[in-house]
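Enquirer: Dropping the structure in here first, questions after.
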Amino acid sequence: MPEKLVRKVTAVIQAENLSKLYPPRTRAVEGVSFKVDEGEVFGFLGPNGAGKTTTIKMLTTLASITSGEAKVAGYDVKRESSSVRKSIGVVPQELTADDELKGIENLILSARLHHVPRSESTKKAQDLLKLFDLEEAAQRRVRTYSGGMRRRLQMAMGLVHSPKVMFLDEPTLGLDIQTRTKVWDYIRRLNKERGLTVFMTTHYLEEADGLCDRIAIIDHGVIKVSDTPSHLKEKIGGDVLTIGLSDGEDLTQFFNSVPDVSDVSREGQVYKMKIPRTERALPTIIEGVTKRGLKITEISFTKPTLDEVFLEVTGRTMREEEGVQESWIQNVNLERAT
Amino acid sequence: MFGDLAALTGRALRKWIRNPAAVLPGLFTAVFYLALFGNSFNPTSLIPSNIGGFQLTTAELEQIRVSILSQTFGGAATYISYLTAGIISLILVFNMAFGGIDLVLDRQLGFLNTLLTAPISRASIYFSGVAQNMVKAMTLALLTFLIAVVLPNGLILGRGFGVLDFLGAMGAFALLAFALSCVFTALALSVKSIDSLVAIVNFATFPLVFTSTALFPEGGFPSWLLSISNVNPITKATDAARLLMVNGILSSAQLTTFAWDGVYLLVFAVAMALLGYLAANRALSPK
């Protein structure tokens, strides 16, 4: 039955109980389910070997699905792989632009392989070179490019056929902080200006926090949590508010009575408490303190980070994961890469 | 599919043309074999002038030399004239075998995955590998032929050798190149590392060459080697091209031999294309 090219899409990516088993017994992904809506930036967060790249490989038709179902841009990944490939742009971890070709040649090659009409491919290539600030380097061979330029060219190559969904696998891996920030800006612009749906994997927590509308944390092939970055942080107890008061009555009872406030502790006249959103509770707290005739001598609050969420979910910090890699995970990754 | 095939083949050839280091080793091999091996290992120069106290005159020596060339070396005017077709086959075999390294690199550097996520057919990936290696190897074959012609004491073409003979010889080489390219492209798409490819290629190419008539005439082969040589496609391509290059105008018997060699090569090429495609398709399918 011929695959239809135009369909009404609500969720752009849908995965139901997606599993991947590498023979003989390596279960890389185990029953993951998630949904990515149109125009959303969805982050897949997890340590190396957690199953991020395998999930991307299944969704982009590079790896077979052992069990479960997945749809991308409304097409069944197993049965309509050709239509899936027409709808997606993939920016892999590796820098795959051809060193011996010029920047513009790489883009035009990518356009031809995605069946962009010849009459449009040069124009599209030039537009993308402009968008990614590569105009001046367009006629240079890629072997003369810096790492950041290669990464930008790689992203441009993934966009040359105007895909509905962009898969970014570790888009800023190995880049310095300046270049990384620039790549984030490009992703934001693509998402806002073109309404591009982005599915990205990363193990940079600040990247996921700053870019993604929603995040799923995957570990050992299983999705541990999935929500917006702010909700995930709220779930681990919210902000920690520190408030110092002038001498006077004990306000522990009062603080405990403020909605959503928990874990109130007191050390002298300095109180500490957890609040899901300090911005909402702060007016009530200040009003209550002032009514009781006390003066605020100090006030500060710290917001929880995704690192704390990661620690809570996986039992270890991301830095520990980056530093120490179990050899079997490396072996599995090497095998998958080849 | 043809647009994809053209795009991928164009990419590979553009890289090849821009990198003279990729072309020159093939040409050096041709020059070394023809100029050094062809001159130093000339069997007809090994005839002793004194046999059991009987001194041969220069005329007698020349007569023996001509007899050996006509009876054992298929009528070639010189050993290099005999050798040229074999050297071209040799260059085709080694270029096809090692041509797959670029494809393994494409896999290792992630370019192959980029292709596999693009809406192109697996067949275009496979046949672009075949086509790029064919073009590269046939360019070298043509250049080797020209080098042999212009080399001092080089290739002496048979009387009446014309454009059709040239096309016939190159056609035989092209069929061999296509068949070998199908085999080695499928192999390159199936292996995971360059080391594996080189190991298999080294294991396969030397027996392929040395069980053929590329370098030596079959007159000296033991019967078991002769049986292998007779079905070796390198023998078929070399003999077919050599027949034209050495003799020029063919007798009807020679023409029949040439035609059968051509049919054999054609069938072999089609079979390798099918088998290679099946193997490549399997290698490129999602795992």
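The values are calculated or read from the model by the stated rules, or taken from the named source; none is laboratory data. Here the structure is a predicted model, which is why all the values come from computation and not from measurement. Because the Cβ atoms are built from the backbone with ideal geometry, glycine has one as well, and the counts that use them run over all protein chains shown. Each accessible area value is taken on the protein alone, full model and side chains, heavy atoms only, with ligands, DNA and RNA left out. Shrake-Rupley method; radii C 1.70, N 1.55, O 1.52, S 1.80 Å.
Enquirer: Helix-only mean residue ellipticity at 222 nm, chain A, DSSP H runs n ≥ 4 weighted -39,500 (n - 2.57), per residue, nearest 500. What is it? If you can, show how the numbers build up before the last one.
Expert: Working: 13 runs with 131 residues, N = 338.
Result for chain A: -11500 deg cm²/dmol, rounded to the nearest 500.
Enquirer: Determine the distance separating the Cα centre of the stretch A:105-158 from the Cα centre of the stretch B:93-156; give it in Å without decimals.
Expert: Centre-to-centre (Cα) distance: 26 Å.
Enquirer: Accessible area, 1.4 Å probe, largest first: how do A:H115, A:H161 sort? Intermediate values should be presented prior to the final figure.
Expert: Numbers: A:H115 95, A:H161 25 Å².
I get A:H115, A:H161, largest accessible area first.
Enquirer: What does the accessible area per residue of the protein assembly as shown come to in Å², with a 1.4 Å probe and no ligands, DNA or RNA counted? Don't jump to the answer; show the numbers that get you there.
Expert: Numbers: 28700 Å² over 625 residues.
Normalised by residue count, the accessible surface of the protein assembly as shown is 46 Å².
Enquirer: Follow-up. Could you pull out the GluC sites (Glu not before Pro) across the stretch A:2-85 that fall in loop regions by DSSP (anything but H, G, I, E, B) with no more than 14 other Cβ atoms inside 10 Å? Working shown, then result.
Expert: Details: sites: A:E3, A:E16, A:E30, A:E38, A:E40, A:E69, A:E80; in loops: A:E3, A:E38, A:E40, A:E80.
Those that pass, being in a loop and sparsely packed, are A:E3.
Enquirer: Solvent-accessible area of A:R141, probe 1.4 Å, all protein chains present, reported in Å² to the nearest ten, please.
Expert: Taking all protein chains as shown, A:R141 has close to 60 Å².
Enquirer: Looking at the protein assembly as shown, I'd like the Rg to Rh ratio, where Rg is from alpha-carbon atoms and Rh is Kirkwood's inverse mean 1/r.
Expert: Details: Rg = 34.6 Å, Rh = 29.2 Å.
A ratio of 1.18.
Enquirer: Sticking with this structure for a sec: When only C-alpha pairs under 8 Å and at least 6 residues apart count, what is the relative contact order of the stretch A:242-302, in percent? Could the numbers behind the result be given before it?
Expert: Values: 77 pairs, mean separation 28.1, N = 61.
Dividing the mean separation by the residue count of the stretch A:242-302 yields 46 percent.
Enquirer: When the Kirkwood radius is taken over all Cα pairs of chain B, what Stokes-Einstein diffusion coefficient follows at 20 °C and 1.002 mPa s, in µm²/s?
Expert: Working: Rh = 20.2 Å.
Reported coefficient: 106 µm²/s.
Enquirer: With a/c under 1.5 counting as rounded, go ahead and sort chain A into rounded, prolate or oblate using the C-alpha gyration tensor (a ≥ b ≥ c being the square roots of the eigenvalues; past the cut-off, prolate if a/b is larger than b/c, else oblate). Could you put the intermediate results ahead of the total?
Expert: Details: a/c = 2.29, a/b = 1.88, b/c = 1.21.
It comes out prolate by the Cα gyration axes.
Enquirer: Pop a pseudo-label 7 angstrom from the Cα along the beta-carbon direction at both B:E62 and A:T290 and give the gap in nm to one decimal.
Expert: 12.4 nm
Enquirer: For A:D98, A:D209, what's the largest-to-smallest order of accessible area, 1.4 Å probe? Show your work: numbers first, answer last.
Expert: Numbers: A:D98 10, A:D209 55 Å².
Largest accessible area first, the residues go A:D209, A:D98.
Enquirer: Let me ask something additional. Give the residue list of trypsin sites (Lys or Arg not before Pro) in the stretch B:1-38 that are DSSP loop and have at most 16 other beta-carbon atoms within 10 angstrom.
Expert: Numbers: sites: B:R11, B:R14, B:K15, B:R18; in loops: B:R18.
For trypsin sites (Lys or Arg not before Pro) across the stretch B:1-38 that sit outside H, G, I, E and B with at most 16 neighbouring Cβ atoms in 10 Å, the list reads B:R18.
Enquirer: Would any residue of the stretch A:271-309 have its amide N under 15 Å from a label point 7 Å out along Cα→Cβ of A:N256? List them or say none.
Expert: In the stretch A:271-309, the label zone of A:N256 (backbone N under 15 Å from the point 7 Å along Cα→Cβ) covers A:272-274.
Enquirer: Now a separate question. Pairs of alpha-carbon atoms within less than 8 angstrom and 6+ residues apart define the contacts here; what relative contact order does the stretch A:1-104 have, in percent? Don't jump to the answer; show the numbers that get you there.
Expert: Details: 146 pairs, mean separation 28.6, N = 104.
So the answer I get is 28 percent.
Enquirer: Which of the three applies to the stretch B:1-47, rounded, prolate or oblate, going by the alpha-carbon gyration tensor with a ≥ b ≥ c and a/c under 1.5 meaning rounded?
Expert: Oblate is the answer for the stretch B:1-47, as a/c is 1.5 or above yet b/c matches or exceeds a/b.
Enquirer: From the phi of every residue in the stretch A:258-268, what ³J(HN,Hα) in whole Hz does the Karplus formula 6.51 cos²θ - 1.76 cosθ + 1.60 yield, where θ is phi - 60° and glycine or proline is x?
Expert: 6, x, 6, 7, 9, 6, 6, 10, 10, 9, x
Enquirer: How big is the antiparallel share of DSSP beta bridges in the protein assembly as shown, given as a percent to the nearest 5?
Expert: Bridges in the protein assembly as shown that DSSP calls antiparallel: roughly 70 percent.
Enquirer: Can you tell me the relative contact order of chain A? Whole percent, Cα pairs under 8 Å, sequence separation 6 or more.
Expert: Taking the mean separation of contacting Cα pairs over the length of chain A, I get 19 percent.
Enquirer: Here's something else I'd like to know. Is the stretch A:242-302 rounded, prolate or oblate when judged by the Cα gyration tensor, a ≥ b ≥ c being the square roots of its eigenvalues, rounded requiring a/c under 1.5 and prolate requiring a/b larger than b/c? All intermediate terms of the calculation are to be shown ahead of the outcome.
Expert: Working: a/c = 1.44, a/b = 1.32, b/c = 1.09.
Here the stretch A:242-302 falls in the rounded category.
Enquirer: Scan around A:E94 for amide H atoms under 5 Å from its own, H built in the peptide plane at 1.01 Å from N, and keep only partners 5 or more places away or cross-chain.
Expert: none
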